[in-house]
Amino acid sequence: MFAITITANTTQITQYVTFSQDKAYLVQQTPYLLGCILLIFTECTVFAQYIIYTRRNKLLEEAQCQGKMAADTVEIAQEAETVDQTNNEQE
């Protein structure tokens, strides 16, 4: 669903920009362009949060399946946060 909305908004932005590059036209279309850009940003943010928390939950579930204690689970959550930060730095 995220891919469809991102694709639709990107297509709409492309349509506005390729239809006419006249400054007056683009100024008139500014609210629509900003709306599309905002929706793309929102969808990307939600998708990034989904990926981050899915990884973290998988690590926590693996720890619980292995029978580790609650203190170990906290350490694993901190380890998952470190992995997320490392991945963000690499991107």
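Of the helices (runs of 4 or more DSSP H) that lie entirely inside the chain, those containing 3 or more residues that are at pLDDT below 90 span 2-19, 30-65, 70-90.
Scanning segment 1-60 for residues that are under 11 Å from the mean Cα position of the chain (by Cα) and among the acidic types (Asp, Glu) returns a single hit, 43.
What are the residue pairs meeting all of these: first residue in segment 1-17, first residue closer than 14 Å to residue 34 by Cα, second residue of a type in the set (S, T, N, Q) and surrounded by 13 or more Cβ atoms within 10 Å (Cβ to Cβ), Cβ atoms under 9 Å, and 6 or more apart or on different chains? From segment 1-17, the pairs are 16/29; 17/29. Starting from residues that are loosely packed, with under 13 Cβ neighbours inside 10 Å and not polar (S, T, N, Q), keep the ones in segment 36-45 and report whichever is farthest from residue 85 (Cα to Cα). Among them, the one singled out is 38.
Under the condition of being within 17 Å of residue 1 (Cβ to Cβ) and of a type outside the set (D, E, K, R), the residues counted in segment 13-52 number 13.
Which members of segment 12-35 meet the condition of being among the hydrophobic types (A, V, I, L, M, F, W, C) and surrounded by 13 or more Cβ atoms within 10 Å (Cβ to Cβ)? Of everything in segment 12-35, those that are among the hydrophobic types (A, V, I, L, M, F, W, C) and surrounded by 13 or more Cβ atoms within 10 Å (Cβ to Cβ) turn out to be 13, 17, 26, 33.
The values are calculated or read from the model by the stated rules, or taken from the named source; none is laboratory data. Since we're looking at a predicted model, the values are computed, not measured. Neighbour counts run over all protein chains shown; Cβ positions are idealised from the backbone, glycine included.
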